[in-house]
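*Asks:* The structure follows.
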Amino acid sequence: MQVNVSFNIPTLAALARSWRWALLAALVLAFTLAGGAGPASAAESIQSPDTAGNVGYFTSLALDASGNAVVSYWDNTNGDLKLLHCNDANCAGGGESIQSPDTAGTVGAWTSLALDAVGNPVVSYFDFTNGDLKLLHCNDANCAGGGESIQAPDTTGFVGENTSLALDAAGNPVVSYSDGTNLDLKLLHCNDANCAGGGESIQSPDTAGDVGYYPSLALDGVGNPVVSYLDSTTADLKLLHCNDANCAGGGESIQAPDTAGVVGYYPSLALDVGGNPVVSYFDNTNGDLKLLHCNDPNCAGGGESIQSPDTAGFVGKYPSLALDVGGNPVVSYLDGINGDLKVIYCNDANCAGGGESIQSPDTAGLLGEYPSLALDAGGNPVVSYYDLTNGDLKVLHCNDADCSASEKLLPISITNVGQYALPKTCFQVRNPNQVPYFQVCDNAPVWELDPVCGDGVCDDEDPALGSIRVSVVPGDYRVVLSYGAPEHTADGAKAVCTNFTPVGGDTCELTFTNVPKVRPWHPWDITGGPGNTPDGVVRVQDILEVVNHYFDDKPLAP
């Protein structure tokens, strides 16, 4: 899609004479906003911030307010809990903070990390020496300088493997974990931010057989725990939804939404905007990655979506899942055949129907165990994981939403369904050193003689009713320059639209008439930040919202 010819952007007056610019408004895109625009790097950032010994087991990652990675993990050489705080978004360039906040015995396996309201790490983990659950609350963002709170809130038997932690609205830890003595699922709810002083709630909400392996926990909208885990007795995926914040008193919902074979290993759970669980996990029977999307908060009653989006070999161990702004799953996991890290970006909320983006962003040796994934402010994956070949902790920061090694040059493509649309060849980057742009022609000479679109491509000044199909691909796009133009009103219902914030292949068709309504131009960055407010990044969702606005002629905020 590269054509090395020159191109002059038309004047505002010329744009105003061409109503077709309203279709996409001559949006000029680039890949960086701060400090001037320029082309993005062609590769993801892959760093090894800790190479001191055999380190990087059981990683758990969160991003601080600046988007810098904070990672808890196990130092197998020294048998210690370790904590990394990167000083830049890629964890590159050195000077990262690496601490060992707990060195008392053999400690630090099965870590789970969250950041409190001021950005200080809170970590649950297992004490091998004593067979106890432990909890660390740092008193600074780097967990440096001493004086950290280290507690052992559950010491009853051999407990604390496979921890998963979240913080409630008050900042108090909630932890799900395995009870190795009784083979039960356990749940701790601390009554203070440090889990100190006693009186914590400790429950065993599922004791039916050998249960509670690899739990993954999230809190619903009112703070009640939701936990996915493996039932080793039946080899099924199970899901618990507590009916109170402590999961005490009975009457909890316990379901087995997938019982097809030996399934449910290493689940990773998130809740969609409706509070319905989404779980990625490993199918040990077929060696596949699986994904469950419940159609109710309890995953009860049947009709759940269960997909196997990656079946290429022995794949799907240790998945880590997050949902993008559109609710589509993004999962990092291990490719066991090739020893690679893999990332899948689903193009719909159920990861169904095919066309998902599946990438192997790091294939340098045997690596990809114990990944932990989060999405940055632009929706790009950040993943911590273990490099088995070198015994190192690694951190991947993708430069696009599907981790496909380069920014998407054209987030929207046009199919010539009606008279209004140009061939896809007209949507070009004219020069590899320039930014992409969108072009919609009229029959003015500057466009008729265009060397890419050709003579007479758009030669009808008053076209009849037609339709435009807008397709998008995953990625982040940043606005550099844009022009105002007349707007147009949809001429029919949007009944054929499958998803109005689509990514990766969903389509939407709109029929419109030429009914211009000129308004001041507005920014294309309309979503993504706190409260879904503008955040400096134009995403696929932003673009489709604006297209929706143009054809619907409805107010657009801000």
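*Asks:* Which pairs, out of Lys290/Lys317; Lys317/Lys342; Lys238/Lys342; Lys82/Lys394; Lys134/Lys238, put more than 18 Å between their alpha-carbon atoms?
*Replies:* Numbers: Lys290/Lys317 10 Å; Lys317/Lys342 10 Å; Lys238/Lys342 25 Å; Lys82/Lys394 14 Å; Lys134/Lys238 25 Å.
Exceeds cut-off: Lys238/Lys342; Lys134/Lys238.
*Asks:* What shape does the stretch 66-126 have by the C-alpha gyration tensor, where a ≥ b ≥ c are the square roots of the eigenvalues, rounded means a/c under 1.5, and otherwise prolate means a/b greater than b/c and oblate the rest?
*Replies:* Numbers: a/c = 2.54, a/b = 1.46, b/c = 1.74.
Oblate is the answer for the stretch 66-126, as a/c is 1.5 or above yet b/c matches or exceeds a/b.
*Asks:* Shape of the stretch 330-394 from its Cα gyration tensor (a ≥ b ≥ c, root eigenvalues): rounded if a/c is under 1.5, otherwise prolate when a/b > b/c, or oblate?
*Replies:* Details: a/c = 2.85, a/b = 1.59, b/c = 1.79.
Note, shape of the stretch 330-394 comes out oblate.
*Asks:* Here is a further query. How would the stretch 126-239 be classified by its alpha-carbon gyration tensor: rounded, prolate or oblate, with rounded meaning a/c under 1.5 and the a/b versus b/c comparison settling the rest? Don't skip to the end; give the middle numbers.
*Replies:* Details: a/c = 2.09, a/b = 1.50, b/c = 1.40.
Since a/c reaches 1.5 and a/b is larger than b/c, the shape of the stretch 126-239 is classed as prolate.
*Asks:* Right, next: What distance in nm separates the two pseudo spin-label positions at Thr259 and Thr363, each 7 Å out from Cα along the beta-carbon direction?
*Replies:* For Thr259 paired with Thr363, the spin-label model returns 4.1 nm.
*Asks:* How many angstrom lie between the Cα centre of the stretch 322-370 and the Cα centre of the stretch 123-173?
*Replies:* Value for the Cα centre distance between the two parts: 29 Å.
*Asks:* Moving to a separate point now. Give, in whole angstrom and from largest to smallest, the semi-axes √(5λ) of the equivalent ellipsoid of the stretch 45-397, with λ running over the eigenvalues of the Cα gyration tensor. All intermediate terms of the calculation are to be shown ahead of the outcome.
*Replies:* Working: eigenvalues 146, 131, 67 Å².
Equivalent ellipsoid semi-axes, largest first: 27, 26, 18 Å.
*Asks:* Around Ile202, with a cut-off of 13 angstrom between Cβ atoms, what is the net charge of the other residues, counting Lys and Arg +1 and Asp and Glu -1? Mind dumping the intermediate values first?
*Replies:* Details: positive: Lys186; negative: Asp132, Asp154, Asp179, Asp184, Glu200.
So the environment of Ile202 carries a net charge of -4.
Read-outs throughout are calculated quantities, based only on the coordinates presented, and are distinct from any laboratory measurement. Since the model is a prediction, treat every value here as computed from it, not as a measurement. Reconstructed Cβ throughout: ideal geometry from the backbone, glycine too, with neighbour counts over all protein chains shown.
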